1. Residue under question is Arg121, and the condition is that it be basic (Lys, Arg) and without any contact (Cβ under 8 Å) to a residue 24 or more places away in the chain; does it hold?
2. Can we say Asp74 is free of Cβ contacts under 8 Å to residues at least 60 places away in the same chain, under 30 Å from Glu57 (Cβ atoms) and of a type outside the set (S, T, N, Q)?
3. Against the condition closer than 30 Å to Gly159 by Cα, in a strand (DSSP E or B), of a type in the set (Val, Ile, Thr) and at pLDDT below 90, how does Val12 come out, does it pass?
Amino acid sequence: MCAEPLSELLAVGQIRTSHGLKGYLKVKSLSGEFEHLLKLKKVYIGVVGKLAVFEVEDVRAVTGAVLLKLVGIDHREAGEAYRGQIVFADRRDASALGDEEYYVSDLQGCRVFQRDSLIGRVVTVPEVSGGEFLEVEPLTGKRLIIPFSKHFVGKVDIGDRRIELTEEYELP
């Protein structure tokens, strides 16, 4: 089980399948980048509350993914048991953020404001073919889906857990 505080872990990938006879796991990056995955020494696999910790024995890049060989997963069948699971890494080992880039886990739970009025809190940040969105649980009414773009989202202050909507966003 995981002793690391959950606030220090970030979801970095998802296990697609077991690869080869030695139990390598084919992992798709959740961010689209994979360079940081090649440097991992330890990963956490599972769901929040039930995370297993593994040392990374070997890692290599393949087209569109990485192959992770974890200590204790030594054959294809053992790897198959983790298909679909999320791979978490320590925040210190995650990919560096650029300007106006945020980890999804940091956006979740942020308070959303417009004109100093509290609208609600971010529940999740779904990504679809049209881009990323903020799913907001409002104080009243149905959940809001707000495009996560400069047109609708102004200032984002992760330290204060606050997101300000622009005047262009019209509340339903």
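The values are calculated or read from the model by the stated rules, or taken from the named source; none is laboratory data. If you're wondering where the values come from, they're calculated on a predicted model, not measured in any experiment. Cβ sites come from the backbone with ideal geometry, for glycine too, and all protein chains shown count toward neighbours.
1. Working: basic (Lys, Arg): yes; without any contact (Cβ under 8 Å) to a residue 24 or more places away in the chain: yes.
Judged against the criteria, Arg121 is a match.
2. Details: free of Cβ contacts under 8 Å to residues at least 60 places away in the same chain: yes; under 30 Å from Glu57 (Cβ atoms): yes; of a type outside the set (S, T, N, Q): yes.
Yes: the conditions hold for Asp74.
3. Values: closer than 30 Å to Gly159 by Cα: yes; in a strand (DSSP E or B): yes; of a type in the set (Val, Ile, Thr): yes; at pLDDT below 90: yes.
Yes.
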